[in-house]
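The values are calculated or read from the model by the stated rules, or taken from the named source; none is laboratory data. Only a predicted model underlies this, so the values are computations on that prediction, with no experimental measurement involved. Cβ placement follows ideal geometry from the backbone for every residue including glycine, while neighbour counts extend to all protein chains displayed.
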Amino acid sequence: MRIEPTMNDMTQTPEMLIAAMCARARAAGAILAQASDEQKVRALMLAAQALREATPAICAANARDMENAAANGLSPAMLDRLRLDEARIESTAAGVEQVARLTNPLGEIIEETVRPNGMTLQRVRVPLGTIGIIYESRPNVTADAAALCLRAGNAAILRGGSEAVESNRAIHAAMAQGIGSAGLPVDAVQLVPTTDRAAVGALLRAAGMIDLIVPRGGKSLVARVQEEARVPVLAHLDGINHSYVHSSADPDMARALVVNAKMRRTGICGATETVLIDTGFPDAASIVKALIEAGCAVRGDAAVCALDPRVSPASDEDWDTEYLDAIVSIAMVDGLDDALAHIAAHASHHTDAIIAEDAPAAERFLNAVDSAIVMWNASTQFADGGEFGLGAEIGISTGRLHARGPVALEGLTTYKWVVRGTGQTRP
């Protein structure tokens, strides 16, 4: 297996390091383009096996990361993102296997037409090329991103956060073992070997060498990527998600959904951060009470503060905050139009849900809300590629170009035109 270069050589600049990695990635991508899908599937199945066999080593590496992160004052929500145990490693390995079992998108004929002159035109799905993934905290992204990129025929250059450096290296080693065992180039998935932030800048400036950058992390990381990148970016800034309790909502369903949407896992991007309760809903106090009893701090407008003395007044900033913690902001709204206006003003176009028995109102909500994912009578915690049947996701895109919502295999492909003729010349 290749021993990756390090930044210990003072003659090697971050730009030199990234350029060398990109060159190897491009060469590996050319080999992947000729590899069979069966070979890529085998590589992922072997990688999943390697992850399971490396569980003790991965847990030990993660323990070192957790100790350092706690000493550095990471929040409980961020520590939860970072933490690995046997169950989470098993889930990661199972996710790699799930990607291996997905339908191969490459070679799919998206569209076919025959021109009047007899030429046949096809749009055929192909890999994007070399993808750079910059991510924080969650070490499982190392395996998810590697699996998705490889199965879609792309080479990947991974740059994880410094807080997960030991975990990422252990997971990457297992993935590389599986890939190499299947006869594919280990350079198809590379991990940037340094935590130097200058390497991130070098990745972002690697125009002509990297085809797409995917950032996964906090607002400051994604903002930096979008500001500095000289290559296309697939990203979302925040998960400021809303659950709107319509006046027609079933009270028991509303309580269960709101508590789950906020509290199941507070540190994921699909967690609800703001609850909107219609003034016509008859049991608003019970929703506030249920959240507080579940351990959630509630910040509310004046009407919500009047429902329960344990509610703190919400500031203007609360409506635009992704807490990623056991904190929620709640506002009372006067009907569907008021709810739509609030979401339009404060949402991040990630995931927004309505809880309602009134079907016309729900359909209007689904049509009017401009978010990547809109839901009716479902927890926003389902905003996840695996829950959508896509396997592991590379991230959730809130933009409007190329891919939107959970980005999995299909989102990591593009297409080319294939033209077949019988000697046609253009007059």
Consider A77 carefully, then state whether it is surrounded by fewer than 21 Cβ atoms within 10 Å (Cβ to Cβ), in contact with a Gly (Cβ under 7 Å, 6 or more places away or on another chain), in a helix (DSSP H, G or I) and in contact (Cβ under 8 Å) with a residue 12 or more places away in the chain. yes
Can you give me the ranges of the helices (runs of 4 or more DSSP H) entirely in segment 298-377 with at least 1 residues that are of a type in the set (S, T, N, Q), modelled with pLDDT of 95 or more and within 27 Å of the chain's Cα centre (by Cα)? 359-368
Determine whether A368 is surrounded by fewer than 18 Cβ atoms within 10 Å (Cβ to Cβ), small (G, A, S) and touching a Leu at 6+ places or on another chain (Cβ under 6 Å). yes
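Let's see how each residue does on (1) crowded, with 24+ Cβ neighbours inside 10 Å; (2) of a type outside the set (D, E); (3) touching a residue at least 40 places away in the same chain (Cβ under 8 Å); (4) not assigned by TED's automatic domain parsing to the domain that holds G270:
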position	(1), (2), (3), (4)
T130	yes, yes, yes, yes
I171	yes, yes, yes, yes
A182	no, yes, yes, yes
V189	yes, yes, yes, yes
P193	no, yes, yes, yes
D196	no, no, yes, yes
Quick one: how many residues across segment 272-297 are in contact with a His (Cβ under 9 Å, 6 or more places away or on another chain) and either among the acidic types (D, E) or in a loop (DSSP other than H, G, I, E, B) (or both)? 4
Is at least one residue of segment 87-103 of a type outside the set (A, V, I, L, M), over 28 Å from K219 (Cα atoms), modelled with pLDDT under 95 and part of a loop (DSSP other than H, G, I, E, B)? yes
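Residue-by-condition table, conditions (1) under 20 Å from A254 (Cα atoms); (2) in contact with a His (Cβ under 7 Å, 6 or more places away or on another chain):
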position	(1), (2)
P313	no, no
W319	no, yes
S329	yes, no
I354	yes, yes
May I ask you to verify whether R420 is under 29 Å from R151 (Cα atoms), touching a residue at least 60 places away in the same chain (Cβ under 8 Å) and not small (G, A, S)? yes
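State whether one or more residues within segment 302-317 are in contact (Cβ under 8 Å) with a residue 12 or more places away in the chain and touching a Ser or Thr at 6+ places or on another chain (Cβ under 6 Å). Break it down into steps so the answer makes sense when it comes.
Of segment 302-317, the ones in contact (Cβ under 8 Å) with a residue 12 or more places away in the chain are 303-304, 307-308, 310-315.
Now restrict to residues that are touching a Ser or Thr at 6+ places or on another chain (Cβ under 6 Å): 314.
For segment 302-317, residues in contact (Cβ under 8 Å) with a residue 12 or more places away in the chain and touching a Ser or Thr at 6+ places or on another chain (Cβ under 6 Å): present.
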Of Q177, Q122, Q98, the only residue that is touching a helix residue (DSSP H, G or I) at 6+ places or on another chain (Cβ under 8 Å), touching a residue at least 24 places away in the same chain (Cβ under 8 Å) and surrounded by fewer than 24 Cβ atoms within 10 Å (Cβ to Cβ) is Q177
Which numbered condition in (1) over 30 Å from A27 (Cβ atoms); (2) surrounded by fewer than 24 Cβ atoms within 10 Å (Cβ to Cβ); (3) more than 14 Å from the chain's Cα centre (by Cα); (4) not hydroxyl-bearing (S, T, Y) is the only one that M209 fails? (1)
Going through (1) crowded, with 22+ Cβ neighbours inside 10 Å; (2) farther than 17 Å from T130 by Cβ; (3) touching a His at 6+ places or on another chain (Cβ under 8 Å) one by one, D238 fails only at (1)
Within segment 50-63, does at least one residue satisfy the condition of being assigned to a helix (DSSP H, G or I), touching a Gly at 6+ places or on another chain (Cβ under 7 Å) and in the same structural domain as A100 (by TED's automatic domain parsing)? yes
